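Engineer: A single structure is presented below for examination.
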Amino acid sequence: MAKPKLAFYWAASCGGCEITITELGMQLAAVGKLVDIVFWPCIMDFKYSDVESMADGEIDVCFFNGGIRTSENEHIAKLLRQKSKLMVAFGACAHEGGIPGLANYYDPESILERVYDTSPSLDESAGTRPVPSTQMPEGEITLPTFYDRVKTLAQTVQVDYYMPGCPPVVDQVGAVFGALLEGKIPEPGAVIGADAKTNCDVCTRKKGPTGTRVKAFTRPHLIEADPEICFLEQGLICAGPATRAGCGLPCINGNMPCRGCYGPPDGVTDQGAKLLSALAAIIDAETPEDVQRIMDTVVDPVGTYYRFNLSDSILSELKYG
Ligand code: SF4
Ligand code: SF4
């Protein structure tokens, strides 16, 4: 019997999703005996022409990580969609734009100016911008076009499954590979490798008496957090109330608040709005001025509420900050 064909691709992301797959170690070697990996340019010397030469639907499952920032990202997303029976948005960036999606808070010119003109690390190359096309003696060299915003994979092509996480934790990746190999195909559109509830539902930290109120928010490096007590009760912003469970709480167990990388749980459209609502419920405010004063203690509000999901939020169509 022919082995299932898998593909992996890395678009606008940091590469952590690819590292998670390699962390499967011997489990990956076992999977490798059961499948044909027909495209994985991060690991082996595959070419785009290898994909172009495949029949439509020839790849059984494509695990696509990263958002869509450039014309190259979009081209390959469409090509892999055409060649794949199932397309998985793998990791927070493909799922919801991820950290790269925070750049949507700025207009493209500001981003280019910062990166190529004013960044303190630049040497004499300051002010040199990449251009889409350069004529050389050997012919024309082209670069992908930089789009004006980061899109999610589902804002670009039809997606069959979503696998959250920055990156998805390795146990969940192994479980998903195992389930797919056993022919356990979830409902179309499902979030896989995660749970339906929130991190608060599975977190065992002690909650204080009902009605605990916070007078100001602080940050993890400014206090010594009690490892037994809910972060919110200590004035530390934890995205647990607005975040899908399934990661095993590595951050919380390491005494760091959840940042929200597993995205919103079932029934929540906008993770940032949900987190904001959770914080509003615990502040010690009697007047609008109290509300303003306490919420002003949140450093980097957009990066706090929408750290991983600005591209997929209700703010996604707003123009730049
Ligand atoms: S807010 Fe964070 S620390 Fe508190 S119960 Fe929820 S997940 Fe646990
Ligand atoms: S605790 Fe939160 S930030 Fe950490 S891995 Fe889990 S979902 Fe992601």
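The values are calculated or read from the model by the stated rules, or taken from the named source; none is laboratory data. All values derive from a computational prediction rather than experimental measurement. Cβ placement follows ideal geometry from the backbone for every residue including glycine, while neighbour counts extend to all protein chains displayed.
Engineer: Is it true that ALA216 is closer than 30 Å to ILE282 by Cβ, of a type in the set (A, V, I, L, M, F, W, C) and within 16 Å of ligand 1 (Cβ to nearest atom)?
Structural biologist: no
Engineer: Which pairs turn up if I take residues in region 265-276 that are in a helix (DSSP H, G or I) and look for partners that are aromatic (Phe, Trp, Tyr) with beta carbon separation below 8 Å, at least 6 apart in sequence or on another chain?
Structural biologist: Final answer for the pair search is GLN271/TYR305; GLN271/TYR306; GLN271/PHE308; GLY272/TYR305; GLY272/TYR306; ALA273/TYR305; LEU275/TYR305; LEU276/TYR305.
Engineer: Determine which single condition LYS207 fails, assuming it passes every other condition in (1) modelled with pLDDT of 95 or more; (2) surrounded by fewer than 18 Cβ atoms within 10 Å (Cβ to Cβ); (3) farther than 26 Å from VAL88 by Cα.
Structural biologist: (1)
Engineer: Please specify each residue of region 245-266 satisfying the condition of being within 13 Å of the chain's Cα centre (by Cα) and more than 7 Å from ligand 2 (Cβ to nearest atom).
Structural biologist: GLY263, PRO264
Engineer: Looking at region 192-205, which of its residues are of a type outside the set (A, V, I, L, M) and near ligand 1 (Cβ under 9 Å from one of its atoms)?
Structural biologist: Answer for region 192-205, where residues must be of a type outside the set (A, V, I, L, M) and near ligand 1 (Cβ under 9 Å from one of its atoms): THR198, ASN199, CYS200, ASP201, CYS203, THR204, ARG205.
Engineer: When residues of region 221-253 are filtered for being within 12 Å of ligand 1 (Cβ to nearest atom), over 24 Å from VAL191 (Cα atoms) and assigned to a loop (DSSP other than H, G, I, E, B), how many remain?
Structural biologist: 8
Engineer: Restricting attention to region 222-252, report how many residues are among the polar types (S, T, N, Q) and under 30 Å from ALA175 (Cβ atoms).
Structural biologist: Of the residues in region 222-252, 1 are among the polar types (S, T, N, Q) and under 30 Å from ALA175 (Cβ atoms).
Engineer: Of (1) touching a residue at least 40 places away in the same chain (Cβ under 8 Å); (2) closer than 28 Å to GLU289 by Cα; (3) surrounded by 15 or more Cβ atoms within 10 Å (Cβ to Cβ), LYS215 satisfies all except one. Which?
Structural biologist: (3)
Engineer: Find the helices (runs of 4 or more DSSP H) located wholly in region 1-102 whose residues include 2 or more that are closer than 29 Å to PRO264 by Cβ and basic (Lys, Arg), and list them.
Structural biologist: It comes to 71-83.
Engineer: Take the residues in region 34-45 that are within 25 Å of the chain's Cα centre (by Cα) and among the hydrophobic types (A, V, I, L, M, F, W, C), then tell me which one is nearest to LYS184 (Cα to Cα).
Structural biologist: The residue in question is ILE37.
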